[in-house]
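Colleague: Below you'll find the structure I mean.
The values are calculated or read from the model by the stated rules, or taken from the named source; none is laboratory data. Remember, predicted model here, so these are calculated numbers, not experimental data. Neighbour counts run over all protein chains shown; Cβ positions are idealised from the backbone, glycine included.
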Amino acid sequence: MSIKKAQYSTEYVIVVGIGIAIIASFLVYAMLFYGSFASSSSANQMITIANSLAKEANYVAFQGEGSVQTFPITIPLLDPRHSFFCGNIIKLQTSAQLGIAQSAENISGMLPLSSGSYTAFVKATSNQVIVGLRFAISLIEQSYSISSNTLYYSLSFFNYSDKPVITTQSFNISLFSTSGEYITSATSSTPASSPSQISGSLTLPSSPTAEYVVEIYPSNSGDYSSTCINT
């Protein structure tokens, strides 16, 4: 009887050990991916906001392509380097709070550069959900391709009525790692002949990372757009 008990005890220790190892691996991955975690003792607010965005995104995704949902949202002052949309991850971080949520679909879109209460909306497209804020620039449609060490981008700027903007747009486009490390950036503006659209390129490091966060800051817009791309 004691032999069986010893055997069961050994098996229990092995199972618990494997479980601890899996959890530890996940935490290491999370730390590498999300960067330095802010103090999360009071992170409930940020988690609630991130979950709210995920819930709205899931709703329009379920309704199908073209569906739009408008909702009020209050957001504290975010740290842009560590607040972004990446795949189906929503990450929001302030100087003291962190909130992370996952949506059912890939998500990208706009986040505010200042704290406040906003009217936000989510829109379902064929392959993702886009978040917008009811500013002069509310949506930036983006496409990217990478060849050698060059990132090629194509951008289209839309207003809160989902129509192309009619004035030339100056903007900054920046690349960061998912941990918030600055990679490169460039300043540009849309041509007067086509004020809502532009194509351009950025030179990548000689040793590119597997994933980049792309952030676009339209001048005087009050917000920025973020998405993730893979090399």
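Colleague: I'd like the full set of residues that are closer than 18 Å to TYR217 by Cα and more than 10 Å from the chain's Cα centre (by Cα), limited to the range 94-115.
Modeller: Within the range 94-115, PRO112, LEU113, SER114, SER115 meet the criteria.
Colleague: Here are the criteria: (1) surrounded by 17 or more Cβ atoms within 10 Å (Cβ to Cβ); (2) farther than 19 Å from ASP223 by Cβ; (3) outside the structural domain of SER201 (by TED's automatic domain parsing). Tell me which single one LEU151 does not satisfy.
Modeller: LEU151 satisfies every listed condition except (3).
Colleague: Against the definition (modelled with pLDDT of 95 or more, hydrophobic (A, V, I, L, M, F, W, C) and not assigned by TED's automatic domain parsing to the domain that holds ASP162), how does LEU53 come out, yes or no?
Modeller: Details: modelled with pLDDT of 95 or more: yes; hydrophobic (A, V, I, L, M, F, W, C): yes; not assigned by TED's automatic domain parsing to the domain that holds ASP162: yes.
Yes: the conditions hold for LEU53.
Colleague: With respect to the numbered conditions (1) out of contact with any Leu (no Cβ under 8 Å at 6 or more places or on another chain); (2) modelled with pLDDT of 90 or more; (3) charged (D, E, K, R), which one is the sole condition not fulfilled by GLU141?
Modeller: (1)
Colleague: Restrict the check to the range 69-91 and report whether at least one residue is under 18 Å from the mean Cα position of the chain (by Cα) and modelled with pLDDT under 90.
Modeller: There is no residue in the range 69-91 that is under 18 Å from the mean Cα position of the chain (by Cα) and modelled with pLDDT under 90.
Colleague: Got at least one residue in the range 187-199 being closer than 22 Å to VAL129 by Cβ, of a type in the set (Ser, Thr, Tyr) and modelled with pLDDT of 90 or more?
Modeller: The answer is yes; a qualifying residue exists.
Residues checked against (1) at pLDDT 95 or above; (2) β-branched (Val, Ile, Thr); (3) under 23 Å from PHE135 (Cα atoms):
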site: TYR160; (1), (2), (3): no, no, yes
site: LYS163; (1), (2), (3): no, no, yes
site: ILE166; (1), (2), (3): no, yes, yes
site: SER179; (1), (2), (3): no, no, no
site: THR184; (1), (2), (3): no, yes, no
site: TYR212; (1), (2), (3): no, no, no
site: GLY222; (1), (2), (3): no, no, yes
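Colleague: So THR125 passes all but one of these: (1) modelled with pLDDT of 95 or more; (2) in contact with an Asp or Glu (Cβ under 9 Å, 6 or more places away or on another chain); (3) among the polar types (S, T, N, Q). Which condition number does it fail?
Modeller: (1)
Colleague: Examine the range 114-126 for a residue that is in contact with a Phe, Trp or Tyr (Cβ under 9 Å, 6 or more places away or on another chain), under 23 Å from GLY180 (Cβ atoms) and either surrounded by fewer than 17 Cβ atoms within 10 Å (Cβ to Cβ) or not aliphatic (A, V, I, L, M) (or both), and state whether such a residue exists.
Modeller: Here is the first cut: in the range 114-126, the ones in contact with a Phe, Trp or Tyr (Cβ under 9 Å, 6 or more places away or on another chain) are 118-122, 124.
Pick out the ones that are also under 23 Å from GLY180 (Cβ atoms) and you get none.
No, the range 114-126 contains no residue that is in contact with a Phe, Trp or Tyr (Cβ under 9 Å, 6 or more places away or on another chain), under 23 Å from GLY180 (Cβ atoms) and either surrounded by fewer than 17 Cβ atoms within 10 Å (Cβ to Cβ) or not aliphatic (A, V, I, L, M) (or both).
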